[in-house]
Amino acid sequence: MATHRSCALWSYCGLRWLRVMRCCPFPGFRSSWPRGPLGVRHLSQEKQATETHFGFETVSEEEKGDKVYHVFESVAKKYDVMNDMMSLGIHRIWKDMLVWKMHPFPGTQLLDVAGGTGDIAFRFLNYVEAQHKGKLKRQLRAQQNLSWEEIARKYQNEEDPLGSSRVVVCDINKEMLKVGKQKARAQGHKAGLAWVLGDAEELPFDDDKFDVYTIAFGIRNVTHINQALQEAHRVLKPGGRFLCLEFSQVNNPLVSRLYDLYSFQVIPVLGEVIAGDWKSYQYLVESIRQFPSQEEFKEMIQDAGFEKVTYESLTSGIVAIHSGFKL
Ligand SMILES: COc1cc(O)cc(C/C=C(\C)CC/C=C(\C)CC/C=C(\C)CC/C=C(\C)CC/C=C(\C)CC/C=C(\C)CC/C=C(\C)CC/C=C(\C)CC/C=C(\C)CCC=C(C)C)c1O
Ligand SMILES: C[S@@+](CC[C@H](N)C(=O)[O-])C[C@H]1O[C@@H](n2cnc3c(N)ncnc32)[C@H](O)[C@@H]1O
């Protein structure tokens with residue numbers, strides 16, 4: 001009994017000491033210590049507790065996932081209004097350009113990963129619907145001597161205005177998907193759209209399933225970008241296309257100065273005023289600075305097995321669209 005008590009006492013003292021050391025003012029000492037649930041260093045955890053970035057903060061990989069989840073849970077309701085305010089609507093043009101670049105064909109099966117509140121999916125649906133209508137019009141124009149009844153019947157028989165195109169929005173965050181579903185109802189999107197809760201690093205889909213994989217402003221938030229790229233490659237059909245819209249590296253020194261000023265001095269303030277959330281918007285601007293440059297990201301996409309990898313910088317490189325094919 002006495003032995004047990006003294007062992008417990010020694011363990012307690014050990015734990016206290018380790019906790020005190022965790023509060024040590026030398027940052028290098030603290031951050032290099034992998035911690036268990038009690039804040040105690042476990043040698044066996046050294047491998048598991050790999051560190052990564054959450055903005056400019058160094059955190060464990062596990063912590064990063066939780067923090068990213070919390071950011072988007074917190075901003076979900078104000079997400080769309082914030083994007084319009086912060087970018088003065090420019091994000092809409094960037095998203096349009098992604099879908100124009102995709103130029104989907106009738107029947108395209110799209111997977112939009114980190115699809116959030118559905119901006120890419122809705123653009124895709126509008127695009128394929130407009131394409132399909134245009135095609136029908138051209139067909140009718142080409143046919144001579146059609147009666148009014150025949151024309152009306154052609155329109156009425158159009159059971160699938162999407163020409164069998166479909167989009168699956170996949171996101172890890174329930175709150176973002178919830179807002180997305182409400183937007184879909186408000187915009188009248190019903191057919192051809194599915195919402196799936198899932199992680200970009202471990203997609204809940206079979207191999208070779210989709211024609212196009214998109215990820216817009218999402219990959220920057222993923223803990224293991226390489227793993228997400230490999231998953232993109234896996235779920236695409238041979239011949240399928242990977243398209244990524246993401247913040248990138250500004251290539252004009254003057255724009256770069258103004259951009260930095262705007263990002264660090266204005267964005268978090270807007271985040272606080274509009275969404276009551278300074279920290280999430282500080283994370284946004286910091287995470288942008290941590291993301292690889294156009295060339296570095298191109299290499300990562302190639303390393304995941306994609307071919308014919310190209311990119312296009314938009315707005316002086318504030319964002320870039322990367323494209324690759326699974327051949
Ligand atoms: C939590 O995580 C997130 C939360 C989100 O809501 C969104 C995301 C993901 C992001 C998107 C879906 C995209 C939409 C969001 C953004 C574009 C916000 C991020 C924006 C930036 C990091 C900066 C880039 C901003 C723009 C391109 C918008 C254009 C802005 C202006 C023209 C400046 C507006 C000027 C004022 C408001 C006046 C006050 C400004 C100052 C006192 C600072 C000084 C600044 C200037 C004099 C001008 C600033 C100039 C530039 C920014 C350069 C722009 C250059 C060109 C347009 C060529 C998410 O992950
Ligand atoms: C900035 S939003 C982009 C939303 C949308 N694509 C757009 O362009 O507006 C980033 C999204 O990535 C999602 N996300 C973050 N990590 C993810 C992961 N590992 N797997 C899937 N989605 C993730 C977030 O939940 C959030 O909805």
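The values are calculated or read from the model by the stated rules, or taken from the named source; none is laboratory data. These numbers were taken from a predicted model, which means no experiment stands behind them. Virtual Cβ from ideal backbone geometry, glycine too; neighbours counted across all protein chains shown. Heads up: the accessible areas ignore ligands, DNA and RNA and are worked out on the full protein's heavy atoms, side chains in. Shrake-Rupley method; radii C 1.70, N 1.55, O 1.52, S 1.80 Å.
Among (1) among the hydroxyl-bearing types (Ser, Thr, Tyr); (2) within 12 Å of ligand 2 (Cβ to nearest atom); (3) open to solvent by 70 Å² or more (accessible area, probe 1.4 Å), where does Tyr79 come up short?
Looking at each condition in turn, Tyr79 falls short on (3).
Let's see how each residue does on (1) of a type in the set (S, T, N, Q); (2) under 27 Å from Ser293 (Cβ atoms):
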position	(1), (2)
Val179	no, no
Asp199	no, yes
Thr214	yes, yes
Arg220	no, yes
Arg241	no, yes
Glu246	no, yes
Val250	no, yes
Tyr259	no, yes
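Among the residues of the range 175-199, write down those that are open to solvent by 60 Å² or more (accessible area, probe 1.4 Å) and within 23 Å of Ile225 (Cβ to Cβ).
Answer for the range 175-199, where residues must be open to solvent by 60 Å² or more (accessible area, probe 1.4 Å) and within 23 Å of Ile225 (Cβ to Cβ): just Leu197.
Residue pairs, Cβ under 7 Å, 6 or more apart or interchain, first in the range 161-187 and free of Cβ contacts under 8 Å to residues at least 12 places away in the same chain, second open to solvent by 10 Å² or more (accessible area, probe 1.4 Å) and assigned to a helix (DSSP H, G or I). List them.
Listed by first residue and then by second, the contacts come to nothing, as the list is empty.
Scan (1) open to solvent by less than 30 Å² (accessible area, probe 1.4 Å); (2) in a helix (DSSP H, G or I); (3) of a type in the set (A, V, I, L, M) for the single condition Ile321 breaks and write down its number.
Every listed condition holds for Ile321 apart from (2).
Residue check: is Gly116 open to solvent by less than 20 Å² (accessible area, probe 1.4 Å), of a type in the set (Gly, Ala, Ser) and within 11 Å of ligand 2 (Cβ to nearest atom)?
yes
Restricting to the range 84-106, and then to whatever is open to solvent by 20 Å² or more (accessible area, probe 1.4 Å) and either more than 12 Å from ligand 1 (Cβ to nearest atom) or in contact with a His (Cβ under 8 Å, 6 or more places away or on another chain) (or both), can you tell me which residue is nearest to Leu162 (Cα to Cα)?
That would be Pro106.
Does the range 231-248 contain at least one residue that is part of a helix (DSSP H, G or I), open to solvent by 10 Å² or more (accessible area, probe 1.4 Å), in contact (Cβ under 8 Å) with a residue 24 or more places away in the chain and hydrophobic (A, V, I, L, M, F, W, C)?
Within the range 231-248 (the criterion being part of a helix (DSSP H, G or I), open to solvent by 10 Å² or more (accessible area, probe 1.4 Å), in contact (Cβ under 8 Å) with a residue 24 or more places away in the chain and hydrophobic (A, V, I, L, M, F, W, C)), the answer is no, since none of the residues qualifies.
Conditions tested, residue by residue: (1) touching a Pro at 6+ places or on another chain (Cβ under 8 Å); (2) part of a helix (DSSP H, G or I).
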{"position": "Gly163", "(1), (2)": "yes, no"}
{"position": "Cys170", "(1), (2)": "yes, no"}
{"position": "Glu175", "(1), (2)": "no, yes"}
{"position": "Lys183", "(1), (2)": "no, yes"}
{"position": "Lys190", "(1), (2)": "no, no"}
{"position": "Ala194", "(1), (2)": "no, no"}
{"position": "Pro204", "(1), (2)": "no, no"}
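If I filter the range 135-174 down to residues being open to solvent by 30 Å² or more (accessible area, probe 1.4 Å) and small (Gly, Ala, Ser), which single residue comes out as nearest to Pro104 (Cα to Cα)?
Ser164
Quick one: count up the residues across the range 119-133 that are open to solvent by less than 20 Å² (accessible area, probe 1.4 Å) and more than 21 Å from the chain's Cα centre (by Cα).
1
Given the structure, is Phe297 within 14 Å of ligand 2 (Cβ to nearest atom), closer than 30 Å to Ala49 by Cα and in contact with a Phe, Trp or Tyr (Cβ under 8 Å, 6 or more places away or on another chain)?
Values: within 14 Å of ligand 2 (Cβ to nearest atom): no; closer than 30 Å to Ala49 by Cα: yes; in contact with a Phe, Trp or Tyr (Cβ under 8 Å, 6 or more places away or on another chain): yes.
No: the conditions fail for Phe297.
Considering only residues of the range 249-272 that are part of a loop (DSSP other than H, G, I, E, B) and open to solvent by 70 Å² or more (accessible area, probe 1.4 Å), which is farthest from ligand 2 (Cβ to nearest atom)? Quick ask: steps written out before the conclusion?
Step one: of the range 249-272, the residues part of a loop (DSSP other than H, G, I, E, B) are 249-252.
Next cut, open to solvent by 70 Å² or more (accessible area, probe 1.4 Å) only: 249, 251.
Numbers: Gln249: 18, Asn251: 22 Å.
Among those residues, the one meeting the criterion is Asn251.
Of a type in the set (Lys, Arg) and touching a strand residue (DSSP E or B) at 6+ places or on another chain (Cβ under 9 Å): is that true of Lys77 in this structure?
Judged against the criteria, Lys77 is not a match.
Name the one entry in Ala275, Ala228, Ala304 that is more than 16 Å from ligand 1 (Cβ to nearest atom), surrounded by 19 or more Cβ atoms within 10 Å (Cβ to Cβ) and farther than 23 Å from Asp96 by Cα.
Ala304
Yes/no per residue for (1) more than 24 Å from Gly239 (Cα to Cα); (2) within 16 Å of ligand 1 (Cβ to nearest atom); (3) touching a Phe, Trp or Tyr at 6+ places or on another chain (Cβ under 7 Å):
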| site | (1), (2), (3) |
| --- | --- |
| Leu110 | no, no, yes |
| Gln143 | yes, no, no |
| Tyr155 | yes, no, no |
| Pro161 | yes, no, no |
| Ser164 | no, no, no |
| Val169 | no, yes, yes |
| Gly180 | yes, yes, yes |
| Gln187 | yes, no, yes |
| Lys190 | yes, no, no |
